[in-house]
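Okay, structure first, notes after.
Laboratory data are not the source of any read-out in this text; all were calculated from the coordinates shown. These numbers come from a predicted model, not from an experiment. With ideal geometry, Cβ positions are generated from the backbone for all residues, glycine too; neighbour counts draw on all protein chains shown.
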Amino acid sequence: MEKKIEIEEKIVLPGDFICTTEEYVPGSNTYNNEGSICSSIIGIVKLDDKLHKIDVLPLVMVPPEIKQDSIVLGKIILLKNSFAVLNIERVKGYENRSANVEGTIHISNIQHTYIKTIDKAFNVGDIVKAKVISNNPIRLTTQDKNLGVIKAFCPVCGETLEKKEKGLKCSRCNTRYQRKISEDYGWGMF
């Protein structure tokens with residue numbers, strides 16, 4: 001049998017034995033291995049004596065888990081005929097961790113009504129809030145009214161576009177643009 005480590009505040013590696021299931025129940029970032037509680041990550045052991053539970057708090061920032069129905073925030077990096085590529089930078093619930101993965105928004109998942117060309121909804125550089133509809137590969141939708149472009153820039157002069165009744169407008173060069181705008185455009189709400 002493996003020797004029990006001094007539990008509280010110890011740094012553990014994935015697979016390290018922490019204690020037995022007779023002493024505590026496995027909590028977050030731990031697993032039961034035939035009656036032994038082991039760490040699943042690099043972290044610091046924390047005890048919850050009230051619940052008799054043991055957790056391991058991460059020492060390194062792991063990328064957030066992106067799963068179906070997650071709300072994500074990112075920047076449009078590529079437009080093709082039938083889809084846009086979004087570089088996902090944040091996942092709701094994990095705002096302090098960078099995701100830095102790509103997802104696609106097919107033209108049929110942009111809005112509920114027909115859209116002829118994708119550039120009527122997005123432009124490269126737009127900041128978009130989307131919902132994950134599939135996580136392998138990552139496919140996204142912006143069909144809900146609270147999803148879509150939350151910040152956009154004028155492709156002519158670079159000024160932040162302002163929300164107007166029928167789309168977006170540049171206050172500097174007075175150019176108007178169509179986008180699939182989120183209802184919270186300009187608020188920066190996530």
For this session: Could you work out the local net charge near K131, counting Lys and Arg as +1, Asp and Glu as -1, over the other residues with Cβ closer than 9 Å to its Cβ?
Result: -1
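What is the magnitude of the charge dipole of the chain about its Cα centre, with +1 placed on the Cβ of each Lys and Arg, -1 on the Cβ of each Asp and Glu, and no other charges, expressed in debye to the nearest 20?
On the way: 27 positive and 24 negative charges, 331 e Å.
That gives the chain a dipole magnitude of about 1580 debye.
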Seminar exercise, completed: The simple spin-label model distance between L78 and V124, using points 7 Å out along Cα→Cβ, in nm, is 1.1
Problem set entry | Around S28: net Lys/Arg minus Asp/Glu count, Cβ-Cβ under 11 Å | 0
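Once fully extended, how much extra length lies between N32 and E102, figured as 0.36 nm per residue of separation less the alpha-carbon to alpha-carbon distance? Please list the in-between numbers first.
Working: separation 70, 0.36 × 70 = 25.20 nm, distance 3.36 nm.
Full-extension gain reported as 21.8 nm.
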Exercise. Over what distance in Å are the Cα centres of the range 129-190 and the range 61-91 separated?
Worked result: 14
Problem set entry | Candidate values [x] 37; [y] 14; [z] 27, label of the one derived for percent of Cα pairs over 32 Å apart | [x]
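Where does each of D16, D126 land when they are ranked from fewest to most other beta-carbon atoms within 10 angstrom?
Values: D16 20, D126 26.
Taking fewest neighbouring Cβ atoms as first place, the list is D16, D126.
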Exercise. Does the range 1-99 classify as rounded, prolate or oblate by the C-alpha gyration tensor (a ≥ b ≥ c root eigenvalues; a/c under 1.5 gives rounded; else a/b over b/c gives prolate, otherwise oblate)?
Worked result: prolate
Exercise. How large is ³J(HN,Hα), in whole Hz, for each residue of the range 136-146 in order, when computed from phi with the Karplus curve 6.51 cos²θ - 1.76 cosθ + 1.60 and θ = phi - 60°, using x for Gly and Pro?
Worked result: 8, x, 6, 10, 10, 9, 10, 5, 5, 5, 8
Exercise. From the Cα gyration tensor of the range 11-58, with a ≥ b ≥ c the square roots of its eigenvalues, which class applies: rounded if a/c is under 1.5, or else prolate if a/b is larger than b/c, or else oblate?
Worked result: oblate
Exercise. Can you give the extra length, in nm with one decimal, that the chain gains between E95 and N174 once fully stretched, where that is 0.36 nm per residue apart less the Cα-Cα distance?
Worked result: 25.0 nm
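Students often check this: by mean Cβ neighbours within 10 Å, which of 79-87, 171-179 ranks highest, and how do the rest follow?
Highest to lowest by the protection proxy: 79-87, 171-179.
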Exercise. What list do you get for Y94, Y185, Y114 if you sort them by fewest beta carbons within 10 Å?
Worked result: Y114, Y94, Y185
Problem set entry | Karplus-derived 3J(HN,Hα), 6.51/-1.76/1.60, for each residue of the range 80-97, Hz, glycine and proline x | 10, 4, 10, 7, 10, 9, 10, 7, 6, 9, 9, 10, 4, x, 10, 4, 8, 10
Problem set entry | Cross-link partners of K80 among aspartates and glutamates (Cα-Cα below 12 Å; sequence separation of 8 or more within a chain) | D119
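Test of understanding: ordering V25, V45 by Cβ neighbours within 10 Å, fewest first, what list do you get? Walk me through the numbers before you get to the answer.
Working: V25 13, V45 24.
Ascending number of Cβ neighbours within 10 Å: V25, V45.
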Seminar exercise, completed: Here the net charge surrounding T175, from other residues whose Cβ is less than 12 Å away from its Cβ (Lys, Arg +1; Asp, Glu -1), is +2
Exercise. For R179, which sequence-distant residues (separation of 5 or more, or a different chain) have an amide H within less than 5 Å of its own amide H, given hydrogens modelled in the peptide plane?
Worked result: L168
For this session: Report relative contact order for the range 11-58 in percent, whole number only (criteria: Cα-Cα under 8 Å, sequence separation at least 6).
Result: 41
